[in-house]
Amino acid sequence: MLNAHRVQLGRWRQLLKERRIWNSTGQPLRAGLLLDSPPVLYVKFNDVSWRWQIAALGERFREPGLLLVGFLWLQNVRTVRQMAEVKRLCAQHLPGWEMIILCNSEPEVALYQGTSLRAELFNQNALLDEYVYDVDPSVPKEFEAIYDGQLIRFKRHHLAYGLESLALISYKYDLNYDPSYGKKVVSDLSGSTWINNPLDPDYRTLSDREVAHQLNRARVGLCLSEEEGSMYASTQYLLCGLTVVTTRSRGGRDGMFNSTDCVYVEDRAEAVAAGVREALAWQLEPSQVRARVLERMRQHRARLIEIVQDYLQRRQAPLNYAEVFAAHFSNKLLAVRPLEELKPFPAANPVRPRL
């Protein structure tokens, strides 16, 4: 219970810091412009600047379009109220636009039942680039388990304290970093392998391909948070052929899981250690783990394409969005950039077909 309160306090601390920073630096937008005409925008508003961002979008776009709103964090009743306000502001600043809320899990879709808001199930992990995160048989397996996650309290690193062969990929955001927590975790896990320790003077973030390479050095991927969003790393593990050991969670990461490839454990360090031993005993074939998550991703991508195609048909736009999606795809379909730099993804001829 105490740890849960600390996690919530950390979230509020993050929001307060963001409010100061975003109000003084000119708010970039985490978004992807999927189509230019009619405009289709996939966006994740920042909690403290979405009012400003909607007004700015009204200046950027003159033609009615489709606004797809996704979320990095778990949605709740507060989110529903916020989205109702977003819809009201869209009517003011983006007249004629349609808004669809994309949810990482079924319980989040259910939050919108009985409201005037349209919500659809679409797990954002389906937008990970399957050609970046892949099984690499040439990489030796050096670690029993790996944990890829921000050095922040809700990641519950203490649940990995019982593991003898553990590697960690990590990072920290200065705006929400808790030094006391970070120093304690790094000290407590000093016997583990920190692939990139955020507290080291020579720390740097890893590229997506570097992350994929490091994941291939392990056999099991850890998911230890109780609440967050869909946790990209959880699906990155599976794409790289790792068996997953996970606690029960809210936020949608289980949307890509199945009982064949995932061991569910209780919120105790000894349970996590036992889960890793069980996962190792399964000796799953990495390529089969990957194939099963690819099928889950394929289903969600098909739903996103269907949503956009339905809109285009109602707008009588002669486009096959499945073809556009394959040509314009980029990892996560997102980029953080100022609004004036928001532009459609460049067309490309994919060497290999998408899911």
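No lab work stands behind these numbers, since they all come straight from the coordinates. Note that the structure is predicted; figures quoted are calculated from it, not measured. Counting neighbours? That spans all protein chains shown, and the Cβs are built from the backbone with ideal geometry, glycine included.
Taking the Cα centre of the chain as reference, the dipole from Cβ charges on Lys and Arg (+1) and Asp and Glu (-1) amounts to some 920 debye. A simple packing score, the average count of other Cβ atoms within 10 Å per residue, orders the peptides 292-305, 65-78, 223-236 as 223-236, 65-78, 292-305, with the highest score first.
The range 269-308 and the range 122-161 have Cα centres separated by 11 Å. Shape class of the range 146-242 from the alpha-carbon gyration tensor: rounded, with the ratio a/c of largest to smallest axis under 1.5. Give me the angle, in degrees from 0 to 90, between the Cα long axis of helix 286-314 and the longest principal axis of the Cα atoms of the chain, rounded to the nearest 10. For 286-314 against the chain, the angle is about 10 degrees.
Under a point-charge model restricted to the Cβ atoms of Lys and Arg (+1) and Asp and Glu (-1), what is the dipole moment magnitude of the range 143-294 relative to its Cα centre, in debye to the nearest 20?
Approximately 120 debye in magnitude.
GNM remark for the chain: springs join alpha carbons under 10 Å apart, and the peak mean-square fluctuation among Glu63, Glu108, Glu144 falls on Glu63.
[x] 20.6, 61; [y] 22.0, 68; [z] 28.3, 113: which one is Rg and Dmax of the Cα atoms in Å as calculated from this entry? Computed from the coordinates, Rg and Dmax of the Cα atoms in Å corresponds to [x].
Backbone amide hydrogens, once placed in the peptide plane, bring Val220 within less than 5 Å of Ala145, Ile146, excluding anything fewer than 5 places away on its chain. Listed peptides 274-285, 195-206 appear in the order 274-285, 195-206 once ranked by packing, highest mean of other Cβ atoms within 10 Å at the front. As I understand it, the value is the acute angle between the Cα axis of helix 2-25 and the longest principal axis of the Cα atoms of the chain; what does it come to in degrees, rounded to 10? So the inclination is approximately 40 degrees. Dipole of the chain computed with +1 at Lys/Arg Cβ and -1 at Asp/Glu Cβ about the Cα centre; of Val69, Val43, Ile54, farthest Cα towards the positive end is Ile54. So, in Å, what gap is there between the alpha-carbon centers of the range 37-67 and the range 174-240? Taking the Cα centre of each part, the range 37-67 and the range 174-240 sit 32 Å apart.
Peptides 180-192, 238-250 ordered by packing proxy, namely the average of other Cβ atoms within 10 Å per residue, highest first: 238-250, 180-192.
For the chain, the number of Lys pairs separated by eight or more positions or lying on different chains, with C-alpha atoms closer than 17 Å, is 10.
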